[in-house]
Amino acid sequence: MLVYVAVLKDNDLSVDEVLAVKTDKEMLSTYVKDYFGISETKTYNKVAKYLGYTKIEYSEFEDDLEGYFTFDDDGEICKVYVFCKVLDEKI
């Protein structure tokens, strides 16, 4: 089974926080944007600015990191890394 894992990198605390694990990349994208207050169907008091998604391309080796979302949250740049994992056995 293929799963996508969204991890928020906190530079202040040097701690990574898993935001979501989804089997569909679009569902993961919707969840991450919703986490930062970006949604077409909801209204938020505090909304970050979505700066885009950067896809990582590797040519020499295989890595689980697929790319990252970038947000501007009141002047602070936040990155949410997306890892693509293969689970060999059912959970």
Can you tell me which of TYR35, TYR50 is touching a Lys or Arg at 6+ places or on another chain (Cβ under 7 Å) and at pLDDT 85 or above? TYR50
For the stretch 75-88: of the residues being among the charged types (D, E, K, R) and within 21 Å of THR30 (Cβ to Cβ), which is surrounded by the fewest Cβ atoms within 10 Å (Cβ to Cβ)? LYS85
Restricting attention to the stretch 56-74, the residues that are in contact (Cβ under 8 Å) with a residue 24 or more places away in the chain and either surrounded by 14 or more Cβ atoms within 10 Å (Cβ to Cβ) or not charged (D, E, K, R) (or both) number exactly 3
Within the stretch 1-55, take every residue that is part of a helix (DSSP H, G or I) and of a type in the set (Lys, Arg) and give me the one that is surrounded by the most Cβ atoms within 10 Å (Cβ to Cβ). LYS33
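The values are calculated or read from the model by the stated rules, or taken from the named source; none is laboratory data. This is a predicted model, so every value here is computed, not measured. Cβ atoms come from the backbone with ideal geometry, glycine included; neighbour counts cover every protein chain shown.
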